[in-house]
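Just so it is clear, none of the values below were taken in a lab; they were calculated from the coordinates. Just so it is clear, the model here is predicted, and its values are computed rather than measured. When we count neighbours, we look across all protein chains shown, and the Cβ atoms used for this are built from the backbone with ideal geometry, even at glycine.
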Amino acid sequence: MNTFSLAIVTPARSHSVREVVSLEVPGEEGRLTILAHHEPLVCLLRPGVVHIRTSEGDPDDWIIEGGTLTVAPDSVTLLTRDARPALRRR
């Protein structure tokens, strides 16, 4: 399974870098999905929910307060004012 490293960075802290399969973010122009080997890009993000699929196949959702997404060949950095794990329903 193809993966890439994801770092979520806020002014207060840098969340752990991890290997993920996919990332779906609330872009300024609409939702955007990033997979391994995505073309490099930089885009603005709106506040909303980020959907992460880990390399183990588990979903991991975060709530962000807008920011910037930078995609490089093997890594993605999400810079945001605030990020916190979304509550999981059981």
19 Å reach of a label modelled at GLU39, 7 Å along Cα-to-Cβ, counting backbone N of the stretch 50-90: 69-77
Cα gyration tensor shape of the stretch 39-90, rounded if a/c is under 1.5, else prolate or oblate by comparing a/b with b/c: oblate
Distance-filtered residues of the stretch 58-90 - backbone nitrogen under 16 Å, label point 7 angstrom along MET1 Cα→Cβ: 58-61
Longest segment of the chain lacking GluC sites (Glu not before Pro) that sit in a DSSP loop with at most 16 other Cβ atoms within 10 Å: 57-90
The stretch 4-85: antiparallel DSSP beta bridges as a percent of all, rounded to 5: 90 percent
Simple spin-label estimate for THR54 and SER16 in nanometres, 7 Å along Cα-Cβ: 0.7 nm
Within-14-Å neighbourhood charge of GLY57 [Cβ basis; K, R +1; D, E -1]: -2
